[in-house]
Amino acid sequence: MIDAEDTVAVQQQIEASGQAQVTQVGRDYTVHHQYVRGWQYLRSVSVDDDELDLVEHAFVDPRGPQGSGQVAQAVSMLGRPYGKGHVLVLCGEAGTGRRTAALHALRKAGVPRKQIDWLILDWEEPRTEQIPHAQGRACILDLTGYRALQEDFYTGLAHYQKQAHASDAFLVILADPNSWNPNALATVPTVHLARPSAAQVAEAHLRYLAADRVDWLTRDPLNDLLAPEAPASDGARLARLVAEAEDDGRFEVGKQFTDWQKHLETWFEEHAAPADLQERALLIAAALLDGAPAAVVLGAADQLFTQVGGELPRGGALSGRDLDKRLHEICASQTDDEGISLEKKQRGLAGAALKYVWRQRPQLRPVLLEWASQISAPNKIADRHLQRVADRLVPLSLLPGGSTVLEVARGWIETSSGAHRQLAISIVETMALDPVVGVGVRKQLYGWAYQRTTSEKLIAAIAAVCAGELGQRYPRVALTRLRLLASRDGDRAGDAVADAVRTLVSTPEQRILVLSEIVQWAESDSSTIRKAGAATFLALTDITSDILLPLPTNQERSREAVDAPDVLAGQLFVRGWRAALQEPTTAQAAYRDLASWLDSPQLQDDQVLPLAAQVLRGNLGQEGPSGLLVGSPDSSDLGRARRAQLLAQLLSDVASAASASGMARPGGERAAVTA
């Protein structure tokens, strides 16, 4: 139980962190408000120092219509003393350098490097209430992936601007001109960015990264790589490749920058005869399994060759040319551990080769996917290289026809098992985290979770994805999909959801936030969500689980020693148990789990007894609490002793309440207490 002193300490801690403003109305409200408000704010990550170095030392600011630099104009808007200058929109098409411009504007406005963060868009739709405004900090919100914004986002900016001004916080929004359309709903300063010269960006970056190689940009074959309309990101990428290249690697940089297009065109043209099909298969196998052992790559190549109708020569491994000559033919080399690699000397060639084949031979796409599926199946030649395969297939989903990758992965999930099924889950997870296709894949996961016809295998896969890296990076997105699964009719998703939430709360940094979200489900006005929440909550009360949340003891409750998350975990457990006891479908299981807590030596008396007292307080006359306090023949000696203490505490509470009520009556009458 949290006393007043603890509540003040927790409130001060949260306010000091800039994460919430807490209004004290009551213990449950305070607990809910503190952590739900904290949960509602988007999380953030710091900006990489190398990126900030480039922003400070190699920034190109194109001239605007008035002759001054566009970002210089943005800086003046951020810093003006009387306007609502703490919020700024940088509007421009892809390639105009919005990200770099935002960082440069904030630094010029005087925001320290360590005070600038990228916001992680862990939401279904943009909401201004979820944008943090911590004291003195600056956040960058990239809304490029949203084609249209709701009206309440624009109208909510007015309130956010006031909060940012009061906190001396800054927000820079990156938007596409086709999607940013506030009309009269918001009066946020906006700077429309023109595209800077990619050549100027490349030169500026290279002068900082490797000044002795600036002349490479004017020499063949790099001198005509950057077209006048090329995006700024191309200039930055070219400069980075030049800076990282070997001393004699100018021509390799040209090939890598163009995604090895000319090289691959020439190679496939020179290897177009029927006798070259084996080498084509070897190139594709090496691209998919780059770095894998030679025997694995060669075996996979043979399987692809036979899958397209080729006939292997008689003699097996004794036939054909030696390995060194075959590797030379496909421009590959061996690694120190006898692996085959295209990347060792020619970075980017493996991915480029797969993309080239995908684009140039659309009829081969289903064959490639089926082949990748077969070689990585359990006990097949590449079954130990699942992640390599997943990482190579995901970029293909960005290309024309790339939706096939997700469709095939779903098919594998529903028809396969073991490691092969895990490959499909890895592909879906990797796609869901991709900066380009991730938004669409996360929406697809939502659709699958919502559909009534989704198979049990796909349900389990969605839960597994939500429990993995997706749940670590986007916990709100993951929990929304888990709630949909938990709300399904019957118990088909129950075990999968239980395993997923146990995994999510095992991360200390987000365990209270996840628990608070599940408790909210259990307290929902919707009967469907309430039932799902109560059942999911009970999955976290399993005394045999390794992830039982730590609960505070009475000795920990001094103001100096209080561990706020642990104290709040106890309060959230009380609310969750109360909700589970009130839900008819979970009441019996809730009493059973609470009984196991009383019987368990894993919990100390001063952890479980105060919590159980809060759960049962006011319900002594009901059948469930009475049965719990009486116990059963299976109750442990420890459990019986605790039940006696718990009953005494509850009766004492009743007596105290009755006494206080009697003293409040005219004449000082006291109420009799009977048991």
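The values are calculated or read from the model by the stated rules, or taken from the named source; none is laboratory data. In this text the structure is predicted, and so the values were computed from the model without any measurement. Heads up, the Cβs are rebuilt from the backbone with ideal geometry, glycines too, and the neighbour counts pull from every protein chain shown.
Which residues, taken from the range 246-285, are small (Gly, Ala, Ser) and without any contact (Cβ under 8 Å) to a residue 12 or more places away in the chain? Result: Gly249, Ala272, Ala273, Ala275. Here the condition is being within 33 Å of the chain's Cα centre (by Cα) and either charged (D, E, K, R) or in a helix (DSSP H, G or I) (or both); of Ala285, Ala301, Ala295, it holds for Ala285 alone.
From the list Leu238, Leu225, pick out the single residue that is in a helix (DSSP H, G or I) and either in contact with a Leu (Cβ under 7 Å, 6 or more places away or on another chain) or not assigned by TED's automatic domain parsing to the domain that holds Arg98 (or both).
Details: Leu225 fails: in a helix (DSSP H, G or I).
Leu238 is the lone residue from the list that is in a helix (DSSP H, G or I) and either in contact with a Leu (Cβ under 7 Å, 6 or more places away or on another chain) or not assigned by TED's automatic domain parsing to the domain that holds Arg98 (or both).
Scanning the range 302-335 for residues that are among the charged types (D, E, K, R) and within 19 Å of Ala273 (Cβ to Cβ) returns Asp302, Glu311, Arg321, Lys325, Arg326, Glu329. Check the range 167-187 and report whether any residue there is in a helix (DSSP H, G or I), of a type outside the set (Val, Ile, Thr) and either in contact (Cβ under 8 Å) with a residue 24 or more places away in the chain or surrounded by 14 or more Cβ atoms within 10 Å (Cβ to Cβ) (or both). Yes, that holds for at least one residue. Scanning the range 225-237 for residues that are among the charged types (D, E, K, R) and at pLDDT below 90 yields a count of 1. Could you go through the range 653-661 and let me know if any residue there is buried (at least 16 other Cβ atoms within 10 Å of the Cβ) and either closer than 16 Å to Ala595 by Cβ or modelled with pLDDT of 90 or more (or both). No: the range 653-661 contains no residue that is buried (at least 16 other Cβ atoms within 10 Å of the Cβ) and either closer than 16 Å to Ala595 by Cβ or modelled with pLDDT of 90 or more (or both).
Quick one: would you say Arg99 is closer than 27 Å to Glu229 by Cβ and in contact with a strand residue (DSSP E or B) (Cβ under 9 Å, 6 or more places away or on another chain)? So Arg99 passes the test.
When the range 304-321 is filtered for residues that are free of Cβ contacts under 8 Å to residues at least 24 places away in the same chain, under 18 Å from Trp371 (Cα atoms) and part of a helix (DSSP H, G or I), only Thr306 remains.
Let's see how each residue does on (1) over 27 Å from Val441 (Cα atoms); (2) surrounded by 15 or more Cβ atoms within 10 Å (Cβ to Cβ); (3) β-branched (Val, Ile, Thr):
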| residue | (1), (2), (3) |
| --- | --- |
| Val87 | yes, yes, yes |
| Gly92 | no, yes, no |
| Arg98 | no, yes, no |
| Ala102 | yes, yes, no |
| Leu119 | no, yes, no |
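The requirement of being modelled with pLDDT of 85 or more and in a loop (DSSP other than H, G, I, E, B) is fulfilled somewhere in the range 635-651, by at least one residue. Can you confirm whether Leu149 is under 26 Å from the mean Cα position of the chain (by Cα), closer than 28 Å to Arg442 by Cβ and not in a loop (DSSP other than H, G, I, E, B)? Criteria not met by Leu149.
Among Gly411, Gly401, which is surrounded by fewer than 20 Cβ atoms within 10 Å (Cβ to Cβ) and part of a helix (DSSP H, G or I)?
Numbers: Gly401 fails: part of a helix (DSSP H, G or I).
Checking each option against the conditions leaves just Gly411.
I'd like the full set of residues that are under 27 Å from Leu598 (Cβ atoms) and in a loop (DSSP other than H, G, I, E, B), limited to the range 519-544. Explain how you work it out, then say what you get.
Here is the first cut: in the range 519-544, the ones under 27 Å from Leu598 (Cβ atoms) are 519-523, 530-544.
Across the range 519-544, the qualifying residues are Glu523, Leu540, Thr541, Asp542, Ile543, Thr544.
Exactly one residue out of Arg240, Arg219 is basic (Lys, Arg), modelled with pLDDT of 90 or more and within 30 Å of Gly92 (Cβ to Cβ), and it is Arg240. Set side by side, the residues Ser526, Ser516, Ser487 differ, and just one is surrounded by fewer than 20 Cβ atoms within 10 Å (Cβ to Cβ) and at negative phi, which is Ser526. Tally time: how many residues in the range 87-132 are part of a loop (DSSP other than H, G, I, E, B) and touching a Lys or Arg at 6+ places or on another chain (Cβ under 9 Å)? Of the residues in the range 87-132, 11 are part of a loop (DSSP other than H, G, I, E, B) and touching a Lys or Arg at 6+ places or on another chain (Cβ under 9 Å). When the range 447-470 is filtered for residues that are without any contact (Cβ under 8 Å) to a residue 40 or more places away in the chain and either in a helix (DSSP H, G or I) or among the aliphatic types (A, V, I, L, M) (or both), the ones remaining, listed by number, are Gly447, Trp448, Ala449, Tyr450, Glu456, Ile459, Ala460, Ile462, Ala463, Ala464, Cys466, Ala467. Taken over the range 279-291, the residue count meeting the criterion of being surrounded by 23 or more Cβ atoms within 10 Å (Cβ to Cβ) and in contact with a His (Cβ under 7 Å, 6 or more places away or on another chain) is 1. Taking the criterion of being within 24 Å of Asp290 (Cβ to Cβ), touching a residue at least 40 places away in the same chain (Cβ under 8 Å) and in a helix (DSSP H, G or I), the residues of the range 419-440 that qualify are Ala419, His420, Arg421, Leu423, Ile425, Ser426, Glu429, Thr430, Leu433. Looking at the range 602-627, which of its residues are within 16 Å of Ala655 (Cα to Cα) and either at pLDDT 80 or above or under 37 Å from the mean Cα position of the chain (by Cα) (or both)? The answer is Ala613, Gln614, Leu616, Arg617. A single entry from Leu504, Leu482, Leu515, Leu470 fulfils the requirement of being more than 21 Å from Ile427 (Cα to Cα) and under 20 Å from the mean Cα position of the chain (by Cα): Leu515.
Determine which member of the set Ala332, Ala300, Ala350, Ala372 is touching a strand residue (DSSP E or B) at 6+ places or on another chain (Cβ under 9 Å), surrounded by 13 or more Cβ atoms within 10 Å (Cβ to Cβ) and touching a residue at least 60 places away in the same chain (Cβ under 8 Å). If you could, list the steps in order and put the result at the bottom.
Working: Ala332 fails: touching a residue at least 60 places away in the same chain (Cβ under 8 Å); Ala300 fails: touching a strand residue (DSSP E or B) at 6+ places or on another chain (Cβ under 9 Å); Ala372 fails: touching a strand residue (DSSP E or B) at 6+ places or on another chain (Cβ under 9 Å).
Going through Ala332, Ala300, Ala350, Ala372 in turn, the sole match is Ala350.
Restricting attention to the range 427-440, the residues that are under 18 Å from Leu482 (Cα atoms) and either surrounded by 23 or more Cβ atoms within 10 Å (Cβ to Cβ) or charged (D, E, K, R) (or both) total 3.
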